[in-house]
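K.L.:
Can you keep this structure in mind? I'll have questions shortly.
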Amino acid sequence: MKNLLIFILTVVLSAGSIAQNKHFIPLPISNDDFQQKLNAVNAKSDETAKLDAAKQIAQSNSLLTSQVKQMAIIFKSDVNRLDFAKAAFINTSDKINFYEVYDTFGYFSNVFKLHDFVRSHQADVPNETKKENKPAIIFPQWDYPDAMFYKDVKGCPTLIEDKDFDAVAKQINEMVNDAGKAKICEKNFHTYCMSTAQIMKITSLIKPESDRLNLLKKAFYHCYDVKNYIKAEVCLSNADNKKVLRDFITNGLTE
C-alpha cells in the first residue's frame, strides 16, 4: 500500500516539477559542510532548538533531497519533521526527488500534508533567480594553463570534476544579470577547488571588469595551480586592473 502511494506521488510530483518548477537553485552545499551543520543541529538537546537551527540552515543554503532527508530523520516529532521539510523544500536543488523525504514520516496524514504543500509551492519563482535559455557556452580563445600535470604549490587539494564544473558554468551562464552571476561565482569558488583555467572561464562570463577583478581575487585562495594564476590577468583589459591583480597574486604567494 505504501509503495503504491509513493509511486503515485512520484508520478504526480515529477510531472508538476517539469511543468512548473522554473527556479534557478545554486549548487547544494558540499557533503562535508552539510555533515558539520547536521552534527551541530543534532548536538542540541532541545527539539525546538534543533528545529530552529535546521530551518535556518535550509533557508540559507541549497540542499540535496538526500541531505534534507538526513536532517529530517533527527526529529522525534512528525510535526517538527513536517515543519522542517516545508522550510527546506524551496531551496532543495533536486525537487524531483523530494518524495524520498516522505519516507521519514510515521503517519500518512503528514505525508499528504507535505505533498499538498509541495504542490502549492512549485510555481514560486523569486525574481532574482529567474533564468533565460541561452545557447551553449563558448569561452574566449585564451591561453589556458594546463593543470593536469601541475606539481608546484597548490591552493587546494582536489580539482572539481568536469561534470560539476560544466554544471556550474551552465548555471552562471543562465543567470540574467551580472550581479546574480557574480553571486553564484563567489559561492562556487568557495565550494569547489578549481584550476586557473576553470576560474578564467567562469570569470569570462561576467562583463563588468570591476566584478571580474573582485572575483579573481577571491578565487585565488581556492585555486589548485596557484603558480599558474598570473595567466588569469588576460581576463582583464585595463592595465591598472592587471597590475592590481599581479600585485595581489605576488602578495598571496608570499604569505
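K.L.:
Which residues, counting only those in the range 222-247, are in contact with a helix residue (DSSP H, G or I) (Cβ under 8 Å, 6 or more places away or on another chain) and more than 20 Å from TYR144 (Cβ to Cβ)?
P.N.:
ASN238, VAL244
Here's the yes/no breakdown for (1) modelled with pLDDT of 90 or more; (2) part of a helix (DSSP H, G or I); (3) surrounded by fewer than 19 Cβ atoms within 10 Å (Cβ to Cβ):
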{"residue": "LEU159", "(1), (2), (3)": "yes, no, no"}
{"residue": "CYS185", "(1), (2), (3)": "no, yes, no"}
{"residue": "LYS207", "(1), (2), (3)": "yes, no, yes"}
{"residue": "LEU213", "(1), (2), (3)": "yes, yes, no"}
{"residue": "PHE220", "(1), (2), (3)": "yes, yes, no"}
{"residue": "LYS243", "(1), (2), (3)": "yes, yes, yes"}
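K.L.:
So which of ILE160, ILE172 is closer than 29 Å to ASN31 by Cβ, in contact with a strand residue (DSSP E or B) (Cβ under 6 Å, 6 or more places away or on another chain) and among the β-branched types (Val, Ile, Thr)?
P.N.:
ILE160
K.L.:
On to the next question. Any idea which residue in the range 24-54 is most open to solvent (accessible area, probe 1.4 Å), counting only those that are charged (D, E, K, R) and more than 17 Å from ALA85 (Cα to Cα)?
P.N.:
Result: ASP32.
K.L.:
Considering only residues of the range 62-106 that are open to solvent by 20 Å² or more (accessible area, probe 1.4 Å), of a type outside the set (A, V, I, L, M, F, W, C) and touching an Asp or Glu at 6+ places or on another chain (Cβ under 9 Å), which is modelled with the lowest pLDDT?
P.N.:
My answer is GLY106.
The values are calculated or read from the model by the stated rules, or taken from the named source; none is laboratory data. Everything numeric in this text was worked out from a predicted model, so none of it was measured. As a convention, Cβ positions derive from the backbone with ideal geometry for all residues, glycine included, and neighbour counts pool all protein chains shown. SASA here: full protein model, heavy atoms, side chains in, ligands and nucleic acids out. Shrake-Rupley method; radii C 1.70, N 1.55, O 1.52, S 1.80 Å.
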